[in-house]
Amino acid sequence: MLNRLPVDVNPFKLVEQERCLAGVMPLQKLPRLAEIALAGTEDVEVTLDFTRSVGKRPMIKGHIRGNIVLECQRCMQPVTIALDAPLQVALTTFESDERPEQEGLEAWLIEDERLFIQDFVEDEILLALPLVAKHEQCEPLRKLIEALPSDEPVTESEQVDDVAASAKKNPFAVLKDWKKTE
């Protein structure tokens, strides 16, 4: 069984000690994720290795694993997202002149030499989730309507009338013939 993770740490001290934190992050400790997650979402397992990059920059390497239940945006039924997100970020401060991007790492700004573990983990989870949660195959809640509200075909004269009416309503229509004079 994994332990609970600490609330906050000094990541630079942990890098010097080459520490590894492993534990469980309960869903109720992640308020932004709890807002979108449905019943059945499990606590997430987190492993964070505080180490140095090839260029000797302080960094965190690790993994976040768990099952997140979200609402499918097609059928509005629960869909389970199996989260297996590797993470690799360089730790930086305001005074840091170094550019972690040169090593292909994302930067994580550390203020006051404190890293709030739950905020860090929650941000990484939210970044790892799909933009749109959906099943591989499911039927939409409602069928897509691709026809006009009236099923009658529109004649060419009705289209011209509609364009003229919209031009009268559009206050910027007068600008279409405006030319810049020099």
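The values are calculated or read from the model by the stated rules, or taken from the named source; none is laboratory data. Source: prediction; values computed, not measured. Note that each Cβ is placed from the backbone with ideal geometry, even for glycine, and that neighbours are counted across all protein chains shown. In case anyone asks, the SASA skips ligands and DNA or RNA and just uses the protein heavy atoms, side chains included. Shrake-Rupley method; radii C 1.70, N 1.55, O 1.52, S 1.80 Å.
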Study note, to complete from the structure: For V24 the rounded accessible area (nearest 10 Å², probe 1.4 Å, non-protein molecules ignored) is 30
**Study point:** With DNA, RNA and ligands ignored, accessible area of D49 (1.4 Å probe; Å², nearest 10)
**Key:** 60
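Answer rounded, prolate or oblate for the range 40-127, using the Cα gyration tensor with square roots of eigenvalues a ≥ b ≥ c: rounded when a/c is under 1.5, else prolate when a/b is larger than b/c, else oblate.
Prolate, because a/c is 1.5 or more and a/b exceeds b/c.
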Revision key, fill the gap. Sorted by chain and then number, the residues having a modelled amide H within less than 5 Å of the amide H of I81, at least 5 places away or on another chain, are I68, V69, L70
Exercise for review: Tally up the carbon and sulfur contribution to the accessible surface of the range 7-75 as a whole percent, 1.4 Å probe, everything protein left in place.
Suggested key: 47
**Study point:** Inter-probe distance in nm under a simple model that places probes 7 Å from Cα toward Cβ, at L109 and E71
**Key:** 3.3
Study note, to complete from the structure: Using a 1.4 Å probe on heavy atoms of the protein chains only, the accessible area for E111 in Å², nearest 10, reads 100
Exercise for review: In nm, give the distance between the simple-model label positions of H63 and D8, each being 7 Å from the Cα along the Cα-to-Cβ direction.
Suggested key: 3.0
Check your understanding: In nanometres, what is the gap between the two model label sites at R142 and L27, each 7 Å from Cα along Cα-to-Cβ?
Key -> 2.9
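Would the range 1-96 count as rounded, prolate or oblate if I go by the C-alpha gyration tensor, calling it rounded below 1.5 in a/c and otherwise prolate when a/b exceeds b/c, oblate otherwise?
Note, shape of the range 1-96 comes out prolate.
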Review point. Which lysines does K176 reach when only Cα atoms under 22 Å apart count, and residues fewer than 8 places away in its own chain are ignored?
Key: K168
